[in-house]
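A.B. asks: Okay, handing you the structure first.
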Amino acid sequence: MPTEVRDILDCQEQCSKRDGCEHFTYDMLTTTCHLSDKHAMPVKNLVYQVSGPKACKGKVQFQVNLENVAYELIKQSEHAAAEFEGAIQEAIATQIGSGIHPKEISVMLKAEDADVNLRGLMPKDKQMEEKTGVTM
């Protein structure tokens, strides 16, 4: 029996908590959740419906290139880099929606200039070189 849910992640969570549930189908028009056991048969080309397993494996990664960002200003301060990361996390979480908390989104800031590492303020080899005097 379908139940009304907040979003697709709520539907998946219901499946993960129900004994015997292996797959879910979320209907975007009615915001209802259909739970299925291991005997469910896939149906292709359903409009406005998304199906998935009771739990996703691994994580999703993607790369975003930001242009016209003043990296020179950001790299001057660890606080500025953290604030920039936080703004990116918040923007992604807002776009994704579905109850994802911004802190669950991992952001790695990296400028195209090989000598710039925004979180460490310099590449690890240069940090080691400064600490030990040994060139890597």
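A.B. asks: Consider segment 23-49. How many of its residues are of a type outside the set (Gly, Ala, Ser), farther than 22 Å from residue 100 by Cα and surrounded by 10 or more Cβ atoms within 10 Å (Cβ to Cβ)?
C.D. replies: Our first condition is that a residue be of a type outside the set (Gly, Ala, Ser); within segment 23-49, this holds for 23-35, 37-39, 41-49.
Now drop any that are not farther than 22 Å from residue 100 by Cα, which leaves 37-39, 41-47.
Okay, now just the ones that are also surrounded by 10 or more Cβ atoms within 10 Å (Cβ to Cβ), so 37, 46.
Here the count works out to 2.
A.B. asks: Specify the residue that is modelled with the lowest pLDDT; the eligible residues are those in segment 72-122 that are of a type in the set (S, T, N, Q), open to solvent by 80 Å² or more (accessible area, probe 1.4 Å) and under 24 Å from residue 14 (Cα atoms). It would help to see each step written out before you state the result.
C.D. replies: Here is the first cut: in segment 72-122, the ones of a type in the set (S, T, N, Q) are 76-77, 89, 94-95, 98, 106, 117.
Still in the list and also open to solvent by 80 Å² or more (accessible area, probe 1.4 Å): 76, 94-95, 106.
Those left that are additionally under 24 Å from residue 14 (Cα atoms): 94-95.
Numbers: 94: 77, 95: 70.
Checking each candidate, the answer is 95.
A.B. asks: So how many residues does segment 1-18 have that are assigned to a loop (DSSP other than H, G, I, E, B) and under 24 Å from residue 94 (Cα atoms)? Reasoning before the result, please.
C.D. replies: Our first condition is that a residue be assigned to a loop (DSSP other than H, G, I, E, B); within segment 1-18, this holds for 1-2, 5-7, 18.
Okay, now just the ones that are also under 24 Å from residue 94 (Cα atoms), so 5-7.
Residues in segment 1-18 being assigned to a loop (DSSP other than H, G, I, E, B) and under 24 Å from residue 94 (Cα atoms): 3 in total.
The values are calculated or read from the model by the stated rules, or taken from the named source; none is laboratory data. Note that the structure is predicted; figures quoted are calculated from it, not measured. Reconstructed Cβ throughout: ideal geometry from the backbone, glycine too, with neighbour counts over all protein chains shown. Keep in mind that these areas ignore ligands, DNA and RNA; they rest on the heavy atoms of the full protein, side chains included. Shrake-Rupley method; radii C 1.70, N 1.55, O 1.52, S 1.80 Å.
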